[in-house]
Structure formats: structure tokens, C-alpha cells
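J.: My questions all concern the structure below.
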Amino acid sequence: MSKKKETETPQYSVPSFIPIKGPFARWPNLSEVVLAICVFLASVFVSSEGDGDEVIIRALDETPALLLILLAIAAISLYWRKEHPLKVLAVTLLMMAIATALGLSFDFFGVPIALYSVGRYEIRDKLSQLGGATIGLIGLILIFDKNETLTDMGFSFIFLFLSWYIGRRVLARREYLQLLQEIAEQLEKDKVNDAKKAVEEERGRIARELHDVVAHQVSLMTVQAGAAKIVFKKEPQKAMKAMDAVEHAGREALIELRRLLGVIRPDEEMCELTPQPGLGDVPNLVKKFCNAGLVVTMEMPSLNKVLPVSMDLTIYRIIQESLTNVLKHVGKKASVHVFVKCNKTNIQIEIKDEGLEEKEKVPERSGYGLMGMRERVMLLGGTLETKKLDQGGFQVKCYLPFEQE
């Protein structure tokens, strides 16, 4: 019988649109401080008042004190250009207007930076466009300040407009790349989910098929066992053949059942098939918790009765969960007593700890552990009692009835 190769889930790569980090991304606060200082120093020492608008370097004493104050205020405001770009532009224009009204030459290199910030960091289109419209106001101030020619005014308008427009395009590109990133991530999630869904549907189909096979084998076993019972006295040979058929069908059903469980079991739970633990494994379990630090005393007389597999496993899980809770809520060095008693009608399990030294610190114990124990006990028709003890500590008591024969 040839084995089919398992199809692997295709892997999809998500395109990356992470920009290269510059100083303004790595050290934003420090970079803004350095930018403000550089703009202030350039505005103080560099001037265009030379012959033919020649750029000259002027001494500090040539700059009036009031102009220094106005330049300092405008430069300091640049620190908040990302959070409040429109306010920074408004402060810059106000300082520029005051200087012009006082007859001072306001050569502030932060004007194009402020306009760029409005285009780059103001996400509301109308307000950003309103900020860009202030270029006309800046032009009027320049006319009154330096009486520039139309050609010079044209170059100034183009330069200032480009400052705002470049900022706007950078913002649009960032938003576009972010949108592409989100779309790519969503597509990746959809593909992964579709692959998982396809695997789950295939598992369900295989599980249904195997269920039909197991059901057929069990039905066949029932028919063969009934036939063997009828012909056993008169024709033992036929009864033996029927029982051989029952044995064969039982083996086939067990194999298919294991396949079924392997299919429907989650991937993280796939492991080697091992016998389920029971009451006989409790001493080893207690020994492990003693090695972890608990002081456990156990009273478990030998049982003369063979327990059902489900009851045997339930007893083990209740003791395991109870000791785990003691270790988690009370801690190491805690004293625990485990008691198991069996009579004609039921089996009793009791796990009791002494709690912490200070009674008021005994924690409440609730959650999925106790809920899981209660579910196990209810399936077997038993009862589970959990309570805090007056003298401190916690008690778990369980009664599991035997099936009446």
C-alpha cells in the first residue's frame, strides 16, 4: 500500500516597507533640539543684506537684541513642529510680522522647515492646505521687508511651495506604504487561515470515514458474537470461527480507532501512545511532588476490586490536580494528606492541606483545574466537594460510585 506524501502548507513572504532610520527617527528629541539650534545660529550670523542680495556673515553685535529674541522664539517653536505644525507656522509668521513692523530684517531659515512640517505632519487635508496658503502671506511680508523684484518673489514662492509640497508627498507616500503593508499582512493571515481551514476540513472528512469503518467493524463483532453464542453448543467449530472473526474485527477496529484519534488530535498534542495512568501510579506521582518540596502523607490501602479504566484515570487526575494546586497556591514545604478508601458502593478520595501559617493569607482556589475535576466526577455520577477549612488549608473530597452489576 503506497503512502501519499503529505502536502506542506505553502509559505508566503510579507513584503517589508520599513524605511531606513535616520537621526530624526533614532533620536527624535535630540535631533529637534539640534535642528532648532542650527536654524537659530544660521539666522543670526547669516544675512542676505549684502550688495545684490549677496549672502554675508555678520557679527553677533550687528544683530539687534530684539531681533535675537524674535529669532530665538521662532527657533524654539520648531521643537514642536511634529506635534503642532500649524501652531509652529503661526508662531513663525507672527515673529516675522513683528520684525517687519519694527523695521528689522527677519532672515529666518526656519520658514521652509515650518512649511515642510505642515505638509508632512498635518494629516488633515484642509488644515494642511490652509497652512500652505500662508505662502501668499509670507510673500506680502517679504515685499514690505525687502522690496524684492517680481523675479525674486517668484523664486521665493516656488521654493516655499516646494517645501510644503514635498512634505505633503512624503506623508502621502508613508500612508501608501503603510496601507500596502496592512494589505500584505491581511493577505498573509487570510492565506494561513484558509490553509488551516482546508486541513481541518480534510481531517473532518477522514475522521467521518474512519468513524464509519470503526462502526462497521463493531457492528460485525456484535453479529459474529451473537452467532457464536447461538451455535456454541451444537457446532463449536463454527462458534470458534465466529470468535476468530470477532477477534480479527476487533483488531481492525482498534487500528482504525487509533488512526481516528491521530487525525482528530490537535498537532501540539501529537505524541507517542502511552498507557493512561491510574491508581497504581499514584505512589510515583506523590514521590514526584515530594521531590518538588511538598510534604505528603498518603493513606491508600490495597484494593481488592478492579476499577473501571475511566474511574482509575479520574482518581489519578484528581490527586494530581489537587497536589498541583497545593504547590501553586501554598508553595513548597506545604503539608498534604492524601486518603483513598474503598467500600462496596463507592470509592472515596480526600486531599487536605494545612495551608499557610497565617490563616488570613490562604488564597481562594478557583479556575479551570477545579472545573475540570468536577466535570470528570460528574461524568462518572459522583460528587466533588471543595472548601476552605476553618483551621486553615483547603480540602478536596470526592465520592465515585461503582456501577451496580
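J.: Taking θ = phi - 60°, what integer Hz values does the Karplus form 6.51 cos²θ - 1.76 cosθ + 1.60 yield along the range 391-398, in sequence order, with x for Gly and Pro?
T.: Values, residue by residue: 7, x, x, 9, 10, 10, 10, 9 Hz.
J.: Let me ask something additional. With label points built 7 Å along Cα→Cβ from the Cα atoms of Ile37 and Lys87, find their separation and express it in nm.
T.: Spacing of the two 7 Å Cα→Cβ label points: 2.4 nm.
J.: Please report the orientation-averaged projected area of the range 52-108, defined via the convex hull of its C-alpha atoms, in nm².
T.: 4.6
J.: For the pairs Lys332/Lys388; Lys305/Lys388; Lys233/Lys305; Lys288/Lys333; Lys287/Lys333, note any where the Cα-Cα span goes beyond 24 Å.
T.: Beyond 24 Å: Lys305/Lys388; Lys233/Lys305.
J.: I need the semi-axes of the equivalent ellipsoid of the range 273-330: take the C-alpha gyration tensor, multiply each eigenvalue by 5, square-root it, list largest first in whole angstrom.
T.: Output for the range 273-330: semi-axes of 21, 13, 10 Å.
J.: Ranked from the most accessible area to the least, with a 1.4 Å probe and all protein chains present, what is the order of Asp353, Asp312, Asp244?
T.: My answer, sorted largest first, is Asp244, Asp312, Asp353.
J.: Describe numerically, in nm with one decimal, the distance between label points set 7 Å from Cα along Cα→Cβ at Lys189 and at Ala65.
T.: 6.2
The values are calculated or read from the model by the stated rules, or taken from the named source; none is laboratory data. Quantities reported herein were computed from a predicted structural model and do not represent experimental measurements. With ideal geometry, Cβ positions are generated from the backbone for all residues, glycine too; neighbour counts draw on all protein chains shown. The accessibility values were calculated without ligands, DNA or RNA, using every heavy atom of the protein model including side chains. Shrake-Rupley method; radii C 1.70, N 1.55, O 1.52, S 1.80 Å.
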